[in-house]
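The values are calculated or read from the model by the stated rules, or taken from the named source; none is laboratory data. Since the model is a prediction, treat every value here as computed from it, not as a measurement. Positions of Cβ are generated from backbone atoms using ideal geometry, with glycine treated the same way; all protein chains shown enter the neighbour counts.
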Amino acid sequence: MSKIDVFISYRRDGNEETATRLKEYLEDHHYRVFLDREQRTDDYRKNYEKAIEEANDFIIIVTKNYFDKERLFKTPNPHDDDIRNEIRCALRKLQAEKHLPESEKTFKIHPLQVGFEVTLNKRDLPEDIHDIFNVNFIIPCHKDKLKESFHSDIKPHLISVPTTELETKASVYDPLYDDEEARLKVQADNALPSDNDVINRVYQLINKEKLHVLDVGSGPGYVTYTRFNDDRFRKVIGLDINEECIAKANQKYQNEKFSFHHCDIEAPDFEGRLKAIMKEHQLESFDLIFSSLVMHHLAKVSPNIPLAIMHEYLSDGGYIILRGSDDGADLCYPHDNILKEIIEMCYAIPTSSDRMNGRKLYTWLAKAGYEKIKCLSYMRDTSLRGMKQREGLFYERFSYRIRYFKKYLEKVHTKKAKEDYDKLTRLIAEMKLFFLDKSFWYTTYDFVAYAKKSREDEE
C-alpha cells in the first residue's frame, strides 16, 4: 500500500455514495486516499490500522447512523465494531502529538457533518472514544453540496500536501545549473557592500575579537570566503544541501579556517547533523550565523523551524544575519508593465522559490525566538552606472528567471508550459534591450536582517 494522505471513515449502509464522491474530489486534487471497500477480515483491519497510522488527515463522514449506539456498545471489544476501532486508532495518534506546537503536528481529525446537526453527549459513546468530543466539527454540509464544502470547508484545513505539490512546490533551484554559478558570483559581488556593512555592525555588537561563524547555504563557497576571510573570524563552517557544491567549496577554499559540510536544514535529523559537525570541529556554539538567499527555497518546513534550531547553537549574545530579496520592491520606468508581467509569470511557476521573501525576514526571526531584530534595505539601481554595470545588474536579476522556467519545462512537458516559456523568453529579451537604453531606470533592493540571541543574564 502506498503512502496515505487522507483516511475516510464512514458507515457503509447508505453512506458509500458520499464517501466515494469525497474520495474522487480528493484524488482529483492529487491526495492519496484510503477508503475501505474490502470484506471485514483480520487482514482488512490490519490494512486500515496501517492506513490511519500513515495518514495525515482523518475525515469522518458523520451521518445519522455513524455513532450508532447499538453497534458501538455491542461488545467491550472495540475491534468488533470497525468505526469504534478506527476512531480509537485516530485518537491514539492524535494524543501522541498532544504536546507538540501546532506547526509541528502531522495529524488532524476532521468530522464532517452531512445533512444534520450532531447532538451527542458522552453517555452516547464508549469511554475509549470520549475524546472525539474535543475535536472541532466542520460546518455541516448537505450531501448535494459536497463539492462546495470540499473547497470551502475541508481542503483548507487539511495538513496533507497534494502529491503534485510535493513534487513541484519545492524549488528546483540548482546553483550549478547552466551558468548559474557565474551569475551567483556577479550577485555576490554586487551584494558585497551591503553584506560587509551588516557584518561590520554585528561584529561591533558581539564585542569579541575572534568569531566562530556558521554559513547556512554556502553553495560553492565564494560568498563564504569573500565575507569571512579576514582575521576577525577564527573558524568558519559552511553548510549546503548540494554535495557537488560542498566538494567544490572544499577543493577551492578548505583550510584551517574554512570547512564545508553537506547538510539538509529541512531534514528531521538537521539538529543531530549540526551537532556532529560541531563536535568534529570541537565547537560548542557559534558567535555568528550567516545565511544569504536560502530560506525562501525551503518547501518542506517553515523557515522559522530550522532558524529556531540554529538559535540553540548561537552563543549567548551571538547574532544571526539573514539576507533576502523581494520582487515586490523592484521598480522601473518606463515599461513597468513588462516588469510586472515578468514577475507575475515567474511567481506562478510551481517550482519557483518564494520571490517575496524580503518582507518576511523579521517575522521568521521573531517566530524562531530571536530578539533585537533590525531590518535594513540597500537600494541598487541603474543610475550612475556604465553600460557594463547595467548589463551586470540585468544579468543578476533576470537571467535566473529563464532557468527556473527551463527547469520547470523539463519536468512538465506541456504545450501551455512551452508557450509560457517562449513568452517569458521574449519579455526578458525586451527587458535586456531596455537596460541598454540610458533613459531607462530600474531599481532593486537587498533586504538584510540581523538579530540577537540574548545573554542568559538578560533574560
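If only residues of segment 229-263 that are among the basic types (Lys, Arg) and more than 23 Å from Val202 (Cα to Cα) are counted, the one that is surrounded by the fewest Cβ atoms within 10 Å (Cβ to Cβ) is Lys252. Is there a residue in segment 391-410 that is exposed (fewer than 13 other Cβ atoms within 10 Å of the Cβ) and over 18 Å from Trp441 (Cβ atoms)? Within segment 391-410 (the criterion being exposed (fewer than 13 other Cβ atoms within 10 Å of the Cβ) and over 18 Å from Trp441 (Cβ atoms)), the answer is yes, since at least one residue qualifies. The single residue among Lys360, Lys411, Lys432 that is charged (D, E, K, R), over 22 Å from the mean Cα position of the chain (by Cα), in the same structural domain as Ala299 (by TED's automatic domain parsing) and in a helix (DSSP H, G or I) turns out to be Lys432.
Taking segment 279-304 on its own, how many of its residues are in contact (Cβ under 8 Å) with a residue 40 or more places away in the chain and in a helix (DSSP H, G or I)? Of the residues in that region, 4 qualify.
Conditions first: (1) under 22 Å from Pro303 (Cβ atoms); (2) assigned to a loop (DSSP other than H, G, I, E, B). Ser383 passes all but one, so which condition is the exception? Going through (1) under 22 Å from Pro303 (Cβ atoms); (2) assigned to a loop (DSSP other than H, G, I, E, B) one by one, Ser383 breaks only (1). If you check Leu274 against the conditions, is it in a helix (DSSP H, G or I) and either of a type outside the set (D, E, K, R) or surrounded by 20 or more Cβ atoms within 10 Å (Cβ to Cβ) (or both)? For Leu274, the condition - in a helix (DSSP H, G or I) and either of a type outside the set (D, E, K, R) or surrounded by 20 or more Cβ atoms within 10 Å (Cβ to Cβ) (or both) - is met.
Counting the residues of segment 154-192 that are at pLDDT 80 or above and assigned to a helix (DSSP H, G or I) gives 17. For segment 134-153, the criterion of being surrounded by 15 or more Cβ atoms within 10 Å (Cβ to Cβ), at pLDDT 80 or above and in contact with a Cys (Cβ under 9 Å, 6 or more places away or on another chain) is satisfied by no residue at all. Among the residues examined, Asp316 qualifies as in the same structural domain as Asp381 (by TED's automatic domain parsing), touching a residue at least 60 places away in the same chain (Cβ under 8 Å) and not aromatic (Phe, Trp, Tyr). Condition (residue is free of Cβ contacts under 8 Å to residues at least 60 places away in the same chain and part of a loop (DSSP other than H, G, I, E, B)) applied to segment 321-342: is it met by at least one residue? Checking segment 321-342: not a single residue is free of Cβ contacts under 8 Å to residues at least 60 places away in the same chain and part of a loop (DSSP other than H, G, I, E, B). When Glu266 is tested against (1) in a helix (DSSP H, G or I); (2) of a type in the set (Asp, Glu); (3) under 24 Å from His297 (Cα atoms), exactly one condition is not met: (1).
Could you list all residues from segment 339-357 that are over 22 Å from the mean Cα position of the chain (by Cα) and surrounded by fewer than 19 Cβ atoms within 10 Å (Cβ to Cβ)? Lys340, Glu341, listed by residue number. Of all residues in segment 306-338, those being surrounded by fewer than 20 Cβ atoms within 10 Å (Cβ to Cβ) and of a type in the set (A, V, I, L, M) number 5. Thr119 falls short on exactly one of the conditions (1) at pLDDT below 85; (2) surrounded by 14 or more Cβ atoms within 10 Å (Cβ to Cβ); (3) within 21 Å of Cys141 (Cα to Cα), and that condition is (2). Of everything in segment 42-66 that is of a type in the set (Lys, Arg) and more than 20 Å from Leu125 (Cβ to Cβ), the residue that is surrounded by the most Cβ atoms within 10 Å (Cβ to Cβ) is Arg45.
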